[in-house]
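In what follows, a structure is listed as structure tokens, so that the remarks can point back to it.
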Amino acid sequence: MHIHGTCHCKAISFTATVDPTKVLACHCDDCQKMTGAPYRTVVPAMAQNVQMTGSPKHYIKTAQSGNRRDQVFCGTCGTHLYATDPDNPEIFGLRVGAIDERASLPPQLHIWCSSAMTWITDLKNAPWFSQGPASALFTPK
């Protein structure tokens, strides 16, 4: 699948070829902290299949797994773009939230579920609104 993406401020854009059957949701503590969300959704792409414009920033961290990861993001708006092995950057874990076609990339598996928020599976039980709280009620699919 050919995808397109940008950071929030559009200073960085990218295209890539990905396999939509490889999308995963990571519930580890690191992904929760770095995204400010209950999990991070990622799709791998071979580095040679990613074309990026702009100049992202890099932050090397040691993941909860013990692996060193190069976290790549926009230095202006902070959008996370991908992570890779800093010593062997052959595969980019593209952040699905930055991909325009993200609605077509649902997670196919969940990892680090021992850190998952217990309420994740109950989200359809809370009221949904089409936009803000004053907008019309929305029925999730």
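Can you name the residue in region 1-36 that is without any contact (Cβ under 8 Å) to a residue 40 or more places away in the chain and among the hydroxyl-bearing types (S, T, Y) and is also surrounded by the fewest Cβ atoms within 10 Å (Cβ to Cβ) among such residues?
Among them, the one singled out is T17.
Would you confirm whether any residue within region 20-33 is at pLDDT below 95, within 26 Å of T121 (Cβ to Cβ) and more than 16 Å from the chain's Cα centre (by Cα)?
Within region 20-33, not a single residue is at pLDDT below 95, within 26 Å of T121 (Cβ to Cβ) and more than 16 Å from the chain's Cα centre (by Cα).
For A45, are the conditions met, namely being surrounded by 18 or more Cβ atoms within 10 Å (Cβ to Cβ), closer than 20 Å to I3 by Cβ and touching a Gly at 6+ places or on another chain (Cβ under 7 Å)? Walk me through it before giving the result.
Values: surrounded by 18 or more Cβ atoms within 10 Å (Cβ to Cβ): yes; closer than 20 Å to I3 by Cβ: yes; touching a Gly at 6+ places or on another chain (Cβ under 7 Å): no.
Spelling it out, it is not the case that A45 is surrounded by 18 or more Cβ atoms within 10 Å (Cβ to Cβ), closer than 20 Å to I3 by Cβ and touching a Gly at 6+ places or on another chain (Cβ under 7 Å).
Of everything in region 92-141 that's farther than 20 Å from Y39 by Cα and of a type in the set (A, V, I, L, M), which residue is modelled with the highest pLDDT?
Filtering region 92-141 for residues farther than 20 Å from Y39 by Cα gives 127, 129-139, 141.
Within this subset, residues satisfying the condition of being of a type in the set (A, V, I, L, M) are 134, 136-137.
Values: A134: 83, A136: 79, L137: 79.
Per the stated criteria, the residue is A134.
Filter region 1-15 down to the residues that are over 16 Å from V43 (Cβ atoms) and aliphatic (A, V, I, L, M), then identify the one that is nearest to the chain's Cα centre (by Cα).
That would be I12.
Quick one: which of G93, G78, G66 is crowded, with 20+ Cβ neighbours inside 10 Å, among the small types (G, A, S) and over 26 Å from P140 (Cα atoms)? I'd like the intermediate steps shown before the answer.
Values: G78 fails: crowded, with 20+ Cβ neighbours inside 10 Å; G66 fails: crowded, with 20+ Cβ neighbours inside 10 Å.
Exactly one residue qualifies, and that residue is G93.
Which of the residues spanning region 77-99 are of a type outside the set (V, I, T) and within 12 Å of the chain's Cα centre (by Cα)?
Here is the first cut: in region 77-99, the ones of a type outside the set (V, I, T) are 77-78, 80-83, 85-90, 92-95, 97-98.
Across region 77-99, the qualifying residues are H80, L81, Y82, A83, F92, G93, L94, R95, G97, A98.
Residue by residue through region 46-78, note down the ones that are assigned to a loop (DSSP other than H, G, I, E, B), among the polar types (S, T, N, Q) and within 15 Å of C31 (Cβ to Cβ). Let's see the steps before the verdict.
In the first step, residues of region 46-78 are kept if they are assigned to a loop (DSSP other than H, G, I, E, B); the result is 54-56, 63-67, 74-78.
Add one more test, that the residue is among the polar types (S, T, N, Q), and what stays is 55, 64-65, 67, 76.
Residues satisfying the conditions are Q64, S65, N67.
Sort through A37, A83, A103 and tell me the only one that's among the hydrophobic types (A, V, I, L, M, F, W, C) and in a strand (DSSP E or B).
Details: A37 fails: in a strand (DSSP E or B); A103 fails: in a strand (DSSP E or B).
After applying the criteria, what remains is A83.
The values are calculated or read from the model by the stated rules, or taken from the named source; none is laboratory data. Every value quoted in this text rests on a predicted model; they were computed, and no experiment measured them. Virtual Cβ from ideal backbone geometry, glycine too; neighbours counted across all protein chains shown.
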